[in-house]
Every structure is written in C-alpha cells, then in structure tokens.
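Contents: one structure, followed by commentary.
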Amino acid sequence: MPTTIQFLGAAGDVTGSSYLLTTDSAKFLVDCGLFQGGRDNEKHNYDDFAFNPKQVDFMILTHAHLDHCGLIPKLYRHGFRGPIYATPATKELAQLILTDAAQIQENGVNEHQLDILFSKKDAMGALELFQTVEYNKSFSPAAGIKFKFQDAGHILGSAMIELWIGKKKVVFSGDIGNCPVPIMNDPSLIQKADYVLCESTYGDRLHSSSNKRDSELLKIIRHGKKHHGKIIIPSFALERSQDLLYALNNMSNAGQLPHIDIYLDSPLAIKITEIYKKYTKLFDKEFQRLLKSDSDLFNFPRFQYTLTSKESMVLNNLEGPAVYIAGSGMADAGRVQHHLLHHIANPSTQLIFVGFQAPGTTGRKIIDGAKRIQVNGHWIPVRGQIWSIDSFSAHADQKGLMRWLAGFNTKPTVFFTHGEEQSRAVLAEKVNKQLKYPVHKPRMFEVFEL
C-alpha cells in the first residue's frame with residue numbers, strides 16, 4: 001500500500017491546518033486546527049471530517065495555536081481515542097487553549113457559530129490523550145514510523161516534525177518563527193528530507209526590521225500619553241501578549257517607558273504568561289542573560305492584570321491615558337471589543353495591530369480602511385489612529401522562509417500550505433527559480449502519494 005497524504009485544511013488559506021497520512025501500518029493526523037477568519041471560513045468547522053475519527057491511530061501536534069489544535073475536541077467528540085504527541089509546553093498550553101475554546105462554544109459568543117462544535121467535557125477528554133515527547137528525541141508511534149520534534153522558534157513549545165516513514169522522510173514546518181525575535185530561539189535548520197510541507201503565511205512580503213519594532217511601539221505609547229488617549233492593542237493570548245510584556249519590561253528597565261498604566265485584559269493571556277514563566281529554560285540566550293538581573297521579565301511598575309469581568313469593565317471609565325492589551329488578536333471577540341466600543345470613535349485613541357489579520361475579521365476590515373465597524377451589534381465610527389507593527393509577527397517573512405528552505409541539501413519536493421493564494425504563489429515561484437525545488441500548491445482534500 002502506498003503512503004499518502006491528504007490536505008484537510010490551510011490549503012490556499014491560513015487557518016485550519018490538518019494533514020491525514022495513511023501508511024501500511026497506521027493512519028494518523030498531523031494537527032487538527034480550527035478554521036478562522038469570517039463566516040465563510042468558519043463554517044468549515046461544522047463540516048463532517050473527511051475520514052472516520054475512530055479509525056485514526058494517533059496524532060502529532062506541532063503547537064498550541066487554535067488553527068493547529070482547535071478541532072481536537074471535536075475529533076474526540078466523534079470517536080478519536082488515539083494518543084496525541086506534543087512537546088511538554090504544548091500540552092500545558094493546549095489545556096488552557098482548548099478549555100477556553102470549549103467555554104466559548106458552550107456560551108455561544110461567536111456570532112458565526114452555527115451549532116456547538118464541542119463541549120468542555122470533550123476538551124477534557126481529548127486532553128487525557130496527550131503524551132509528551134521532548135525536543136530532539138526520536139519516538140516511534142507505530143511500526144515503520146518514527147518522528148522527532150525540532151524547535152520551530154514560533155511560540156513556546158512549537159515544533160517542526162521530522163517524520164520517517166520507512167525509507168522516506170517528510171518534514172512538517174509547522175509555523176516557522178520570525179528570526180531574530182526576542183524570547184524565542186531561532187528556528188531549527190534541517191538538512192535532509194524527501195518532502196517538506198512548509199507554511200507560507202508571509203511568503204509574499206518582508207517584515208520591517210525587528211530592531212525598529214520596539215522603537216515604533218514606544219513612539220506610539222508616548223504619542224498616546226501626550227494626547228491623553230487610550231492605546232488599544234488587540235493581542236493573541238498566546239505568544240503575542242507575552243512578547244509585548246517582555247518588550248515593555250525591557251523599556252521600563254531602560255527608563256524609556258513613560259509613566260502610564262498598562263493593563264493585560266485577558267484571563268487566558270494571564271494564565272498563559274504564568275506557563276511561560278515555568279519554561280524560561282527554553283528561551284534564547286538574551287532572555288537568559290536578562291533573567292540574571294531581573295527575575296520576572298513579564299512584569300514591571302504600573303503594570304496590572306485584570307482577571308475578572310468586573311475589573312475589565314472598570315477600565316472603560318478610566319480617565320487619562322492608558323494601554324490596554326486585550327484579546328482577541330483579530331479584534332473579532334473578547335474584551336478588546338468592549339474597548340473598541342468605548343474608544344475607537346475618539347480621535348485620540350491609538351489602535352495598534354501587532355499580528356496577522358485574516359480576511360473577514362474586524363481587524364482586517366480596520367486595516368483595510370473601514371470607516372465604521374460593527375461591535376456587539378452597534379455600528380461604531382473608526383476615528384482613532386490606526387497602526388500596524390508587522391515585525392511583532394511570530395511568523396517568518398519571505399526572507400526567513402527562504403533561509404529555512406535553503407538549509408536543505410537534498411532538493412526536496414515542497415508543498416506550500418498555511419498561506420493565502422497570493423502569498424504561497426509568490427513563495428512557490430521564488431523557491432522554484434532560486435532553489436530549484438519541485439513545488440506544489442495543494443488544494444483542499446487533495447491526496448498525494450509519497
């Protein structure tokens with residue numbers, strides 16, 4: 001029986017990463033992610049799986065972002081009971097991410113929600129299936145199959161997968177980290193593979209210099225302070241919030257940060273930050289160096305958590321300048337919507353986007369120049385000043401992706417996923433011309449024989 005791979009998500013799109021591999025000895029998944037970014041995309045979450053979950057033997061998970069792990073509880077709900085292999089940090093983060101997602105499902109707060117996808121009971125059952133594998137440790141989940149996790153440099157616990165099936169080697173990039181950035185190690189380079197499945201989120205563009213990102217952020221905060229405005233930062237609870245806190249802490253230690261109250265207004269981000277503090281040994285050399293003189297690199301004067309809803313509501317009535325870091329990262333849900341509702345119509349408000357904004361999301365509409373947005377059923381004019389600092393992205397840009405791909409010395413066949421059509425088309429052409437690798441841009445549900 002030939003080994004096949006089927007592309008079940010992130011094929012011509014950025015979210016919903018999932019691959020089904022079938023071999024002589026096993027049928028297994030790499031990732032099982034949620035589709036995100038507007039009603040048309042999110043409706044795919046309610047489709048039946050293209051396979052029988054009861055017949056899947058195991059799963060290998062690259063990392064804990066929802067677009068890679070968010071449908072695992074649905075998989076459990078429909079009968080999957082195999083082991084889920086992940087790094088230790090990914091297991092801990094997934095526990096928070098998936099139980100939070102289940103709570104959202106049960107409360108029905110998503111305006112695109114058609115029906116409940118899974119419950120907290122499903123999430124907790126799925127989490128019992130997790131088994132941990134450390135970085136760079138070879139593990140065999142079935143006869144003739146072994147894999148190894150390598151550090152992807154994307155978020156805490158994120159991994160690339162080196163997968164051997166018989167004599168063939170397949171590498172899954174997962175999400176490749178933006179290099180160099182604070183906190184995370186540089187993405188691991190891998191030299192040998194027959195096939196590579198590579199993300200292409202920023203395959204058609206370059207980030208601005210990471211050296212400028214902190215100065216840009218500081219400039220905006222100082223501007224907001226001077227004009228007595230609110231500074232709102234929609235931020236993903238996982239990675240982006242911790243990245244921001246780390247940058248602000250360094251500014252504070254250097255005496256650069258103005259006297260301004262800063263709030264992390266996201267219960268999930270607060271809990272994730274505590275997990276980050278447990279795994280400081282996984283972070284880069286600069287983080288380790290600074291840790292010797294500052295025992296908590298995610299905390300600084302005039303910084304506060306707002307864990308409860310009551311504490312969050314108080315922020316809406318505060319006078320004077322302040323910084324609110326709040327979920328969600330694409331401004332589609334969460335507490336950031338309350339801050340937009342109260343402040344985006346004020347010209348003194350500074351709204352800073354520090355991550356990718358998927359098509360159809362509130363964040364993307366604002367970035368594209370919307371004059372008004374709908375928040376909690378209300379149409380609000382957008383009068384605040386809009387900023388975008390793309391160098392805060394946790395994804396490698398085109399240069400970073402090319403650097404990683406150039407590390408292979410075996411001229412592998414490359415499949416580009418996890419990117420919009422324009423992005424992966426530009427990257428595929430560049431790789432084909434410069435590296436001379438054969439490339440494919442798989443379609444949804446397409447099957448390839450390896």
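Kirkwood Rh, Cα Rg: Rg to Rh for the chain?
In the chain, Rg relative to Rh is 0.96.
For the chain, return all DSSP H helices satisfying: extent of Cα atoms along own axis at least 24 Å; mean Kyte-Doolittle hydropathy at least -0.5. Walk me through the numbers on the way to the answer.
Numbers: long enough: 88-107 (29 Å, -0.19); 210-226 (25 Å, -1.39).
Span-like helices in the chain: 88-107.
Pairs to check: K27/K167; K137/K192; K54/K168; K54/K167; K146/K168; K27/K168. Give those whose C-alpha atoms are more than 20 Å from each other in this structure.
Cα-Cα > 20 Å for K54/K168; K54/K167; rest within.
Assigning unit charges at the beta carbon (Lys, Arg +1; Asp, Glu -1) and nothing else, what dipole magnitude in debye, to the nearest 20, does the chain show about its Cα centre?
Working: 50 positive and 46 negative charges, 155 e Å.
That gives a dipole near 740 debye.
Just check segment 125-173 against the gyration tensor rule for me: Cα atoms, a ≥ b ≥ c as the square roots of the eigenvalues, rounded for a/c under 1.5, and otherwise prolate or oblate depending on whether a/b exceeds b/c.
Numbers: a/c = 2.21, a/b = 1.19, b/c = 1.86.
Since a/c reaches 1.5 but b/c is at least a/b, the shape of segment 125-173 is classed as oblate.
Can you tell me, using C-alpha contacts under 8 Å and at least 6 residues apart, the relative contact order of segment 210-392 as a whole percent?
With pairs under 8 Å counted, the relative contact order is 31 percent.
Normalised by the residues of the chain, what does the relative contact order come to in percent, with Cα pairs under 8 Å and at least six apart? Provide the component values of the computation, followed by the final result.
Numbers: 1020 pairs, mean separation 88.7, N = 450.
Relative contact order of the chain: 20 percent.
Taken together, the values in this text are just the output of simple stated rules run on the coordinates, not laboratory data. Model, not experiment: these values are computed from the prediction. In this analysis, Cβ positions are derived from the backbone assuming ideal geometry, glycine residues included, and neighbour counts consider all displayed protein chains.
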